[in-house]
Amino acid sequence: MAGRINDDDVKAVRDAVPIDAVVSEYLQLRNAGGGNLKGLCPFHDEKSPSFQVSPSKGLFYCFGCQAGGDTLDFVMRVDHLSFSEAVERLASQAGITLRYEEGGYTPGRQQGERIRLVEAHKAAAVFYVEQLGGAEAEIGRKFLAERGFDQAAAQHFGVGYAPAGWDHLVRFLRGRGFSDKELILSGLAQDGRRGPIDRFRGRLMWPIRDITGEVVGFGARKLREDDNGPKYLNTPETPLYKKSHVLYGIDLAKKDIAKTNRAVVVEGYTDVMACHLAGVTTAIATCGTAFGGDHVKILRRLLMDNSGAEVVFTFDGDAAGQKAALRAFEDDQKFAAETSIAITPGGMDPCELRLAEGDEAVKALVDARTPLFAFALRTIVARYNLDTEEGRISAVDAAVPVVAAIKNQGLRDRYAIRLVGMVGITSQAEEQSIIRRVRALARSLDSNPGQGGGPRAGGRRTPPAAAGAQGGTAPRPPRGPALNLRSPAHRVERELLKLALQRPDLVSPAFDAYGADEFTAPPYATVRLAIEAAGGAAAADRDYLTRVRDAAPDDSVRALVHELAVEPPHTRREPDEVYAGTQLVAVRLAAVNQRVGDIRGTLQRLGPQADPDHLAAVQNELWVLQQYGQALRERGAAAL
């Protein structure tokens, strides 16, 4: 059983890996003001970014689904890792050697399953690359050369070669300490009559990496005629590899996709290579499956659903390519980005086009793209015999839903008119009838998003709501008693707690003298107690927020701590002592006024028959509080 990771090492890992560097491996982050960054949440679908990262605090929080935490929490959640696996992964990235308690650390045996599988794939990738230089791999090098890829290109993409023997990789990985069970589980090996044998043999190998750059699988290309397997053989579904959740080349393309707001989707590994080498560095491909909803989610987090974002699909001009393009058009409804199609000439794919006509031809192919809905419209109309009345009516019936799905209203009407011309309708009355049908269906789609496309806003479609990033609706953690943010008291209490968590230097030492009862919202009072348990704002240091999180009694309070630690203060300028003093005074004055009201009620209940000494004491307390309240109103923070 794995030992417990030393607490100092966990702290070292948290400190060594900046949260913004980790999060930006998965989504595009932009300046949110106040030192924070924002992006589209990876844990639920959303139209506009509500996911914020505070690099200075080492925390993230989504104001949409309430997911929050530190770097380790993010890695655990986004990749479904245990705590120890997340620590091990980040420690590996930071070059930190972990110490394990309860018996020490045995390398290999005590790592989490996912970490072990990642390490096995990493070792396998190195092995395959080394084999590409051997005599047996001449056939593989020739295959690459014939497609215009030299040694440097192969190295850039990590292309390798799997020897033709039965267990070359198995023996190599056993020698690195991996068990037969791990080799089978990883998909790198399969059961043979006498034990595990290599899954990939005598093939050219492409490492398939996730968005962070870790190898999670392989694509293997058939090279020899006596190989009875499929042309391409991919890693089977494993704990690491889900073909619907990966895009080949995404690790290389993600920065340029975010920078240019464009992604180019091609069909194969060599097409990705050809595009990148030709200067189209935003090219990616699916891995043995059609482009689908999970792939959309990956791209949306990089494109940020900007109004100018675009996804370009490239397909062969043959029947199969047209069918694939129409499937992609169905997914257009899931993008806020515009979608286009680039049809390769002469049935060539981008790799063949580059080989035949050079890099500029590949660039020109992408630049000459056509809006995907226009292509879909032409393809649908072409199915019908427009020489007959029945054919024209059927073509209109099939094409109207395509036109109604166009996001821009002006463009939608233009294409309705174009449809009239495409089917050969000359009657002005019929033309107006078709336009009215398109508009009516568009309004129906707006009011009934489940019918295919979601409501439009500002001429752009709102993406369908909320399937979680891993295929289900992201759970909303319990939040405790409801907060009335219209209440001035609750608003100022929230602001003061944000300052106590984000800028404790501005509110110390006065804040630590505030009691939990001065916070009228129960959740805020609980956060105040957690701050007290963490040593108070005056004791804030690098571990201050971690101590507050640990002192929170449950997940709902922890989530509120994350939220308050990330949410920017409501001031146009950087918070200063004056702003902090205003919040301190407002909370204290509200507490004083509340107490004054309570005492007046007590005096009324006591009446004239009360014990004189007790009555005098109560009256004196009232007078002191009234004087204190007057001082707060006149002198502000100086009276605290």
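Every number in this text was worked out from the coordinates using simple rules, so none of it is lab data. As the structure is a prediction and not an experimental result, all values here were calculated from the model. For neighbour counting, all protein chains shown are included, and Cβ atoms are generated from backbone atoms with ideal geometry for every residue, glycine included.
Only Lys, Arg, Asp and Glu carry charge here, each on its Cβ (+1 for the first two, -1 for the last two); on that basis the chain has a dipole of about 1000 debye about its Cα centre.
Only helices enter this figure: runs of n ≥ 4 DSSP H residues, each worth -39500 (n - 2.57), summed and divided by the residues of the chain, yield -15500 deg cm²/dmol at 222 nm to the nearest 500. Other residues within the sphere of radius under 13 Å centred on the Cβ of Val75, judged by their own Cβ, net out at -4 (K and R +1, D and E -1).
Compared with the dominant principal axis of the Cα atoms in the chain, helix 577-606 is inclined by about 50°. Diffusion of segment 1-151 by Stokes-Einstein, at 25 °C in a medium of 0.890 mPa s and with Rh set to the Kirkwood radius over alpha-carbon pairs, works out to 136 µm²/s. Against the empirical curve 2.2 N^0.38 Å, the C-alpha radius of gyration of segment 488-639 lands at a ratio of 1.19. Taking amide hydrogens as placed 1.01 Å from N in the peptide plane, the amide H of Arg203 sits under 5 Å from those of Ala162, each at least 5 positions away in sequence or on another chain. Under the classification rounded if a/c is under 1.5, otherwise prolate if a/b is larger than b/c and oblate if not, where does segment 1-55 fall, given a ≥ b ≥ c as square roots of the Cα gyration tensor eigenvalues? Prolate. Of the trypsin sites (Lys or Arg not before Pro) found in segment 545-588, the ones in coil according to DSSP and having at most 15 other Cβ atoms within 10 Å of their Cβ are Arg572, Arg573. With N as its number of residues, the chain has a Cα radius of gyration that, divided by 2.2 N^0.38 Å, comes to 1.23.
Modelled spin-label separation between Glu136 and Asn385, with each label point placed 7 Å from Cα along the Cα-to-Cβ direction: 6.0 nm. I need the phi-derived Karplus couplings for segment 239-244: 6.51 cos²θ - 1.76 cosθ + 1.60, θ = phi - 60°, integer Hz, Gly and Pro marked x. Each residue's phi maps through the Karplus curve to give x, 8, 10, 10, 4, 7 Hz. Checked against a 19 Å cut-off, the cross-linked pairs Lys38/Lys407; Lys142/Lys242; Lys122/Lys231; Lys242/Lys363; Lys142/Lys231 give Cα-Cα distances beyond that limit for Lys38/Lys407; Lys142/Lys242; Lys122/Lys231; Lys242/Lys363. Protection proxy ranking of 159-166, 15-22, by the mean of other Cβ atoms within 10 Å over each peptide's residues and highest first, is 159-166, 15-22.
With the Cα gyration tensor of segment 7-94 giving a ≥ b ≥ c as the square roots of its eigenvalues, does the rule (a/c under 1.5 for rounded; else a/b larger than b/c for prolate; else oblate) give rounded, prolate or oblate? Prolate, since a/c reaches 1.5 and a/b exceeds b/c. Between Val312 and Ala263, Val264, Val265, Ser340, the built amide H atoms are under 5 Å apart, and every one of these is 5 or more places off in sequence or on another chain.
Once C-alpha pairs closer than 8 Å and six or more residues apart are averaged by separation and normalised to the residue number of the chain, the relative contact order reads 11 percent. The long axis of helix 7-16 is offset from the longest Cα principal axis of the chain by roughly 70 degrees. Taken one residue at a time, the phi angles of segment 516-530 give Karplus couplings (6.51, -1.76, 1.60, θ = phi - 60°) of 4, 6, 7, 9, 6, 7, x, x, 5, 4, 5, 5, 4, 5, 5 Hz. Gly and Pro are set to x.
What is the helix-to-structure angle for 83-94, meaning the angle in degrees between its Cα long axis and the longest Cα principal axis of the chain, kept from 0 to 90 and rounded to the nearest 10? Rounded to the nearest ten degrees, it is 70.
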